[in-house]
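Taking it in order: structure first as structure tokens, then the write-up.
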Amino acid sequence: MTHEGTVVNPDPQSVGYPANPKDQPNVRKVWPHATALNQGSDGSCTGFAAAGLLAADPVSSQGVTDATGFAIWEATKKQPNGATVNSAARVLREWGAWDSWEWANTAEELRRLIIGSGPCAVSSYWRTSMYRTSRRNQNIRVDKSETPRLQHAYAVVGYHPAKRLRINGKMQTVPAFLILNSWGEGWGGGWVRTTVRRFKWVRKWSKRKRRKVRRRVVRRRKVWRSRPDGTAWITMSDMDWLLSEAYWSEKICSPVGRHRISPPVN
């Protein structure tokens, strides 16, 4: 187990909770969610991924803050497998946030769970190229030639069957997942194209006054501006590749029987 809290060896307890999601239509589904939390430099991503699920629909528990993520993380340390996604699932069951949970391992199963059930917690490797998102389309670039930096847990709150993303310098329409990370609102979000108005004084000839006069001219131009919000898109093929290379058993956690709670912070 790494300091990020992801189980390397299969957890026997997770065998009793296999996911068998029903087939779902290939439609767009993005669950309303709260703003991204910030775990800082602590390796508490498992707690924050679970907290992200609490703050998202279909339950949207109130009062979910950074303290909630840290509280879940601290509680997981007392579980048999330590600070893992599996332990976070058990902690939230004890808190009454959900009745049970299911495990899945492929991007297709994740798609079905997102559409049919709700947001999921995902555990995978994380690479250097994934820290920064693409400038205009807020999508993660996965460089498969890189060595993984760490094992990371995060919430996936949406799916789009035909998302326009910039991949290898070209705009492409691909199925993609929306990740809600735990590195604050300064991560992800991409860029938005907006109109900027500029004013300038110029001297122009006036027929009425028969001389040049000063006039204010409005000039409009399109510019790109940053809009970080803690989320980013990742293509379905990249997600499937990340899940396939992870050799532990707890990759996708989908809560069953979700309930709105007031999470403790201590």
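Using only Cα coordinates, the Kirkwood hydrodynamic radius of region 64-194 works out to 16.6 Å.
Net length available on complete extension from W201 to I167 is 8.0 nm, with 0.36 nm assigned per residue and the Cα-Cα distance removed. Given their separation in residues at 0.36 nm each and the Cα-Cα distance between them, S60 and R28 gain 9.5 nm when the chain is fully extended.
Taking every alpha-carbon pair under 8 Å whose residues sit at least 6 apart, region 86-189 reaches a relative contact order of 22 percent. Its Cα centre serving as origin, the chain has a Cβ charge dipole (Lys and Arg +1, Asp and Glu -1) of approximately 4940 debye. Rounded to the nearest 500, the 222 nm mean residue ellipticity of the chain from helices alone is -5500 deg cm²/dmol, with -39,500 (n - 2.57) taken per DSSP H run of at least 4 residues.
Pairs over the 29 Å Cα-Cα cut-off, from the set K29/K170; K22/K170; K22/K163; K29/K144; K144/K222: K22/K170; K144/K222.
With one equal scatterer per alpha carbon and no solvent term, the Debye-computed log10 I(q)/I(0) for region 52-120 at 0.15, 0.17 1/Å reads -0.53, -0.68.
For the chain, the longest principal axis of the Cα atoms and the long axis of helix 45-54 meet at an angle of about 80 degrees. Hydrodynamic estimate: the Kirkwood radius of the chain over Cα pairs, inserted into Stokes-Einstein at 4 °C and 1.567 mPa s, corresponds to D of 65 µm²/s.
With contacts taken as Cα pairs under 8 Å at a separation of at least 6 residues, the chain carries a relative contact order of 28 percent.
The numbers here are math on the coordinates, done by the rules we state, and not lab data. Keep in mind the model is a prediction, meaning the values are calculated, not measured. We place every Cβ from the backbone using ideal geometry, glycine too, and count neighbours over all the protein chains shown.
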